[in-house]
Each structure stands twice: as C-alpha cells, then as structure tokens.
Amino acid sequence: MRPTVYCYDPLFLEHNLPGHPENRGRLERIVRTLGDEGLLARMILVPPKPVDLKLLAKVHQQPYITALKHYAERGGGHVDADTYVASRSYDAALLAAGGAAELVRAVVSGAARNGIGLLRPPGHHATYERGMGFCLFNNIAVAARTALDGDVGAGLRPAPTRVLIVDWDVHHGNGTEDIFYESPEVLFFSTHQYPFYPGSGDWRETGAGAGQGYTVNVPLPAGVGDAGFRRVYAEILTPLARRFRPDLILVSAGYDAHWNDPLAGLRLSLAGYWELARTVVALAEELCEGRLVVLLEGGYNLKVLSAGVADCCRALLGDSAPGPDPFGPSTWLERGVDDLIHTVRQSHGL
Ligand SMILES: [Zn+2]
C-alpha cells in the first residue's frame, strides 16, 4: 500500500501575530495532537522546499509577489484590515506553497497514495492580484497548477489534465475561484456560509469563457449542519465529480464550519467533518486511484481544529472510525436546503 504523506516545517510558525485568530498556536496544537495520537508516526514526512518562482508567477501576478517580499523585508504590517505580514511571512508563504507542490508531486508520481499539508499561512482567499482574508499565496492553486503543468518529477504517467478542488472551509474560496474562473481544467466546488465574508460565492458564479460551468458554488444559509452537508455532497458533489472524472482531487480544508467555531455560523459537527473526509477519499479511490491532497485553511477553535485534522488523517489512512468527539452534534434544528440543492443542480445540468 502506498503511504499517506504529510508536509510540515517549523518556518510555518514564524508567520505570526499574537492575538490574531490565525496565529502559530493553531498549527502547534495540530502537530501536538497528531503526535500524541500516533498519527504522525503512521505517515511519512515530505519536507517542503520554497515554491519555484516561475510556478508561483502563474498563480499570482509578479508585482504582488515582489511587493509582498519587500513588505516583509521592511518588517511587515497589514495588507488589509484582516491580513498581517510578519518579517518571515514571505519566506513562510513561499515554503507553504512549495510544500503544497511537493505533496502533489509525491501523489501524482505514485510515491504516495494521498497527503495532507499542515501549512500556514492559509491560501484560499488569495487572488491573482493580492492577499486577503489571512491568506498570502494561494497554496491550493499552486498545487493544482503543479499537477496540470506536469512538473511532477518522475514522469511515470501522463500529467493530470483535470483537477477537482473541494473547499469545505466556512468561507468562500474566492481566491481559488478567481485564479481558475476561466479554466475548464479545474473544477472548483465550494460550500460556504452565505452571505458572509468575503461576500462572493453566489450560485450564479459558475465560471466564464472556456471555464463556464467549472465553478460550482453552494451558498449555505447560517444554521446548515451535518444533514445539509450530507445531502450536498451526495446530490451535488458526487455526481459532479463522476461527470468531471478528475485525475487528482485537492481539498481546501477549513474547520471553521463547525458549530463551535468562534468566527462563523454553520453547524457541522466533527462527525459531519469525518463524513466529508470519507466522501472525498472514496471519490478519489473510485475516480483517480486514490490521488488526493488536503491542505489546511481556516479553523479557529483549536480543539475542534486539531480533532478535525486528526480525523482527516485517519480518513486518508483508511481508518474505519474517527477519534473521540468531545463536542458532539449541534443541538440546533437545521435549516433546510431543498431549494438550494435544486437550484444548483439545475444550473449545472445535474
Ligand atoms: Zn475560513
């Protein structure tokens, strides 16, 4: 059996602003939990390298990359109200994007079955032109670009031509959508609270030009939880993935859609997150020989975050049960999603 791999480096902790919700303590807690629960020992470390700057320049415009470098060299500050840059943030962001690329190379070359990036700064809000929403470089876009460009080292198999990105962070992955909006090679599927930060992600955003139909947004009202997500994954994502036939599946994994997250209002439980992870693992097994790379995005209740990432590792490793759930299910009555599912299915010909 090919191994499950993970990517981590202590430099990811050097991007830090004490008191900010997206601080180094998030990743420290994850790594401690995965160590304590014996999960790191069951996976193989893929050490990250800084991303190739030519590859990065296919995902972000050069003036933004250069400006970020100079900003960090001068000691940093804020690129917008939410998004900070510390003196090592540029280097950490290069390494996070490079780690995403290394995980894709490991999986596409056949050396690994699947993998998880324990990375920060996160990436899915970073657009072609700028960082925002705690994100500097779009790691998942770099991962997709790495696969599509065939820059996977071994060259043992044809380069992937179709990449499915699943984004289960509570916020819309506007940056990822922006970067691939006109691309038919990348199918971007996002569930998110709506209306909510960053404001985009209406179901009417479906791609443009050759990419028309390859952006699929499922904007969920606050209060949707396990039952709603189960239906969205069964009735939209699964048929969509089977029709698209990806060569590789990537996940933007945020744990801020949990009912106990302090920043948002969706109501997933850890059991619900486990089902999402199991579903994408099963789709990867069915459609692309298991090739799946998961990258960390948001999640701000550290106990939820670390337990959710641990369960995701268990799903990647093929375990049949999640770890203990200290929180249990949401006790709220869920909002229905019938009309939304009907609308999204209809607009995408499902
Ligand atoms: Zn988020």
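Miscellaneous remarks
- Distance between the modelled labels on Thr331 and Glu285, one decimal in nanometres: 3.6 nm (7 Å Cα→Cβ projection).
- Residue order, fewest to most beta carbons within 10 Å, for Ser252, Ser89, Ser269: Ser269, Ser89, Ser252
- Span from the the stretch 23-47 Cα centroid across to the the stretch 56-134 one, whole angstrom: 20
- Most simply put, the chain has about 10% antiparallel DSSP beta bridges, counting only bridges with both residues inside it.
- When only Cα pairs below 8 angstrom with a gap of at least 6 residues are kept, the stretch 16-125 shows a relative contact order of 28 percent.
- Span from the the stretch 235-283 Cα centroid across to the the stretch 200-231 one, whole angstrom: 12
- For the stretch 143-231, pairs of C-alpha atoms spaced more than 24 angstrom apart make up 28 percent of the total.
- Between Ala234 and Thr66, the distance separating the two model label sites (each 7 Å from Cα on the Cα→Cβ line) works out to 5.4 nm.
- For the residues Gly199, Gly117, Gly76, a GNM of the chain with alpha-carbon springs under 10 Å puts the largest fluctuation on Gly199.
- Look at the dipole of the stretch 1-132 built from charges on Cβ: of Leu55, Ala93, Val108, the Cα furthest out on the positive end belongs to Val108.
- For the stretch 180-286, applying the loop criterion from DSSP together with a ceiling of 15 other beta carbons within 10 Å to the GluC sites (Glu not before Pro) yields Glu182.
- Here Phe137, Phe196 are placed in order of increasing Cβ neighbour count within 10 Å, fewest first, which gives Phe196, Phe137.
- The chain - percent relative contact order, Cα under 8 Å, separation 6 or more: 17
- Summing charges over all other residues whose Cβ lies under 12 Å from the Cβ of Val59, with Lys and Arg as +1 and Asp and Glu as -1, gives -1.
- Calculated FRET value between Arg245 and Arg74, using beta carbons and R₀ = 56 Å, to 0.05: 0.75
- Dividing the C-alpha radius of gyration of the stretch 49-109 by 2.2 N^0.38 Å, with N its residue count, gives 1.21.
- Theoretical ellipticity at 222 nm over the chain - DSSP helices of four or more residues, -39500 (n - 2.57) apiece, nearest 500: -11000 deg cm²/dmol
- Neighbourhood net charge (11 Å Cβ-Cβ; Lys/Arg +1, Asp/Glu -1) for Cys313: -1
- Across all C-alpha atoms in the stretch 70-171, the radius of gyration and Dmax reach 14.9, 46 Å.
- Taking the square roots of 5 times each eigenvalue of the Cα gyration tensor of the stretch 247-350, largest first, gives ellipsoid semi-axes of 22, 21, 12 Å.
- In this label model, Arg2 and Gln346 are separated by 4.1 nm, measuring between points 7 Å along each Cα→Cβ vector.
- Shown for Val31, Val281: other C-beta atoms within 10 Å of each C-beta, ranked fewest to most, produce the order Val31, Val281.
- Per principal axis, descending, Cα span of the chain in whole Å: 51, 42, 42
- Candidate lysines - alpha carbon under 18 Å from Lys58, same-chain residues fewer than 8 apart omitted: Lys49, Lys69
- For Glu235, the shell of other residues with beta-carbons less than 11 Å away shows a net charge of +2, using +1 for Lys and Arg and -1 for Asp and Glu.
- Highest mobility in the GNM of the chain, judged by mean-square fluctuation with C-alpha springs under 10 Å and restricted to Asp261, Asp325, Asp226, is found for Asp325.
- Gaussian network model of the chain, springs between alpha carbon atoms under 10 Å - residue of His15, His258, His172 with greatest fluctuation: His15
- Restricting the stretch 201-277 to trypsin sites (Lys or Arg not before Pro) in coil, as DSSP defines it, with at most 11 other Cβ within 10 Å: Arg204
Just so you know, all these numbers are worked out from the coordinates, no wet-lab data involved. Note that the structure is a prediction, hence the values are computed from the model and not measured. Methodologically, a virtual Cβ is constructed for each residue, glycine included, from the backbone with ideal geometry; neighbour enumeration extends over all protein chains shown.
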